[in-house]
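> For reference, the structure I am asking about is given below.
Just so you know, all these numbers are worked out from the coordinates, no wet-lab data involved. Everything quoted here is computed from the prediction, not taken from an experiment. Virtual Cβ from ideal backbone geometry, glycine too; neighbours counted across all protein chains shown.
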Amino acid sequence: MFAGLARFVVRHPWWTILSWLVVAAVVIAFAPKLSTNSDQADFLPSKYESAQATKIAQKAFPQQADSLTLVIVKRSDGHALTQADVAKVGTVAKALDAKKYPTVTGVAASPESVAPNKAVEVVSVPMKGLDSDAQKKQSDTVKDIRVQLPKLLSGSGLEAKVGGDVAGFVDNEDSFNQSLEIVGIATFVLIIGLILLIFRAPIAAVLPIVVIMATMQVVTGLIGLASKAFNFSGDDSLSIIILIVLFGVGADYYLFLLFRYRERLRAGEDKKTAMITAVTRVGEVIASAAAAIAVTFLVLLLATFGAFKAWGPSLAIAVVFMGITSLTLFPAIISLLGTAVFWPSKAWKKQPKARISAAVGRGVGRRPWLAALAAGGIMVVLALGVFSFKANYDFASGFPQDTESAQATKDMEKGFPPGLTKPVQVLLKTDDGSPVTDAQVKQFQTAVTGAPGVGKVQDPIPAPGDRSVTRVDLLLKKNPVSNESVTLLKNELTPAVHKAAPDGVRAYVGGETALWADINTVNNRDLSVTLPVAAALIALILALLLRSVVAPVYLVAAVLLGFGSTLGAAVFTFQDGMGEDGVTFQLPIILYLFVLAIGTDYNILMTARLREEAKNGHPPKKAAELAVRHGGPTVAAAGLILAGTFSVMMLAKVSFLQQMGFSVALGISIAAFVMSLFLVPGLTALLGHVAWWPGHGDAPRKDASTGPHDDRLPEMARR
């Protein structure tokens, strides 16, 4: 199959390139865009209580704000606010309200907005709208309020800071954009730089960037078509994740192909024969790896969280098309360039000594038990960190804390519980549709006063049209989006609220803390389902590839251990080492996407090489030695480039980007340099022929030979 494909692509490169361009042009021109959604609540299934509370609130309180901006006012001298100060704040609120800002539903200051200790007063600026146009207007409003406040407070002895989600977005937008720019530039520089270091050839370094960026355009169109056909939409992070996936697997497959192409050129084959042989040899590896990764992603269709369901088919499309590109467009272009792809270096003609890979190979071959034990031991120790994992939902804490919005939050907490910015919204709804009575509300307020974590019970807010619904806000004593508050609400406060509901009334717990509590439940459920299913399907693909039932078992176990060791290392680093409240809640699924998938990539490449060396007539230990010597440099180069690409995210000023960059880079490093170079070949050598049972994947070919192999890093790259 792959031999036939290779012959067609190499012998008809222009037809291949033209066909690819025609398909790309049609898809880009006519495919719709993938719709995205930034509201995490929309991805929760309706059976979860926070989603039910949101729907009740939207119907009963049609004018309810979608976001809340807070103006925190205090005296410049630090003294308590006076009656005159409070009156001045009221005048300022009226002046801001008179400006009739678009999307603002009203600017409010009242006696209840003054802190009990008179340290601060809070002016509420509720805003409507979640679409991009509304968000732009809200940002402009925050900027204008900041301009107006010094004028309105001039000479009063008062000062004010603007906080809340919109203000936080305004303050951190530049930091986030700068972080993405730094990461983007550093990624291109690193990929080009490392490939230059390995091959000493500018064309070889630039080619994958150009092809992967072009592939991104086609993939985006294909995903848009799929989203319309199957009615799904992703979140705002999907396009970034698709790009990272394409660069990850695209760079890997490109290196798999280029290393084997260089090997065949060194063996004396002409440029076309060398490419046909290269595609024939690595075609099965790339196809199997792409299939395994695509299946891993498609398993996300079993997730209950809507965003993950959109990630599944989208990323599967990206990987499959990147695999097709790697077996068609890349070979066609390289076959046209021939040895010019390595220009101006002449190193491709020379047989490098490959001292490092040869030494590692000898060590694994002589003492496979030690290689497997040491590698497995390191991974097990790191995986122990998983047991103390805490999820962090506080995005704001990951941004710089010297901004006005961050300082506003600190000022507010001098007089109010931290939960003021994100109250727990309890919707009281009668079972029979009758109005909620004052007595029922009073009974509920009394019952929840002093409930776990509650700092203050706010006055009730009756629904303007539906008298069967009343809202009571509970202000938490601690940061409402901290892991501690989310866990407390999930395990203690929600049961207490349900118990406090009067007869004939049901209490629905909503608000952002409740949303994160439900997302935590969904994430745990989704990982508990997707991980074992993905493992089983990957094992099936490996069994079909290797015609074995033994090797897939320890290969999948190794990949799952790699996932655990990476997550555990992140916990040790950020929770224990740096003292952070937790690790970003998205990290487990991010590691699922990259470490599980990419680890499978490297395992397939190394196992295929182990089988090839066995087929060349070598006994198990010798096959392991040669597989590491010959296949190790390819894995090392791919792992180095991909881990380096993710590591540049640590240059960002945003904590969750730093965590993602560190963790994925470490996970890929473990997969490439620990699992694939030591654990897998060590175990395979120890098991010997049993590893390939019940098939005969290691049976020597009749023409078995040990010809030269040299897909190894040049001297400069090994230093």
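> Enter the angle in degrees (range 0 to 90, nearest 10) between the Cα long axis of helix 83-98 and the first principal axis of the Cα atoms of the chain, meaning the one along which they spread out most.
Roughly 60 degrees between the two axes.
> Then there's this: Assuming 1.567 mPa s and 4 °C, estimate D for the chain with Stokes-Einstein, Rh taken as the Kirkwood radius over Cα pairs, in µm²/s.
My calculation gives 46 µm²/s for D.
> Around GLY164, which amide H atoms from residues at least 5 apart in sequence, or from another chain, sit under 5 Å from its own amide H, with H modelled in the peptide plane?
The list, which skips near neighbours in sequence, is LEU70.
> How large is ³J(HN,Hα) for each residue in the stretch 202-218, as worked out from phi by the Karplus curve 6.51 cos²θ - 1.76 cosθ + 1.60 (θ = phi - 60°), to whole Hz, x for Gly and Pro?
Running phi through 6.51 cos²θ - 1.76 cosθ + 1.60 with θ = phi - 60° gives x, 5, 4, 7, 7, 3, x, 4, 5, 5, 5, 5, 5, 4, 4, 5, 5 Hz.
> Sticking with this structure for a sec: Using only helices, what value at 222 nm comes out for the chain when you add -39,500 (n - 2.57) per DSSP H run of length 4 or more and divide by the total residues, to the nearest 500 deg cm²/dmol?
-20000 deg cm²/dmol
> Further, regarding this structure: Cβ under 11 Å from THR584's Cβ, THR584 left aside: what net charge do those residues give with Lys, Arg +1 and Asp, Glu -1?
Computed value for this residue: -2.
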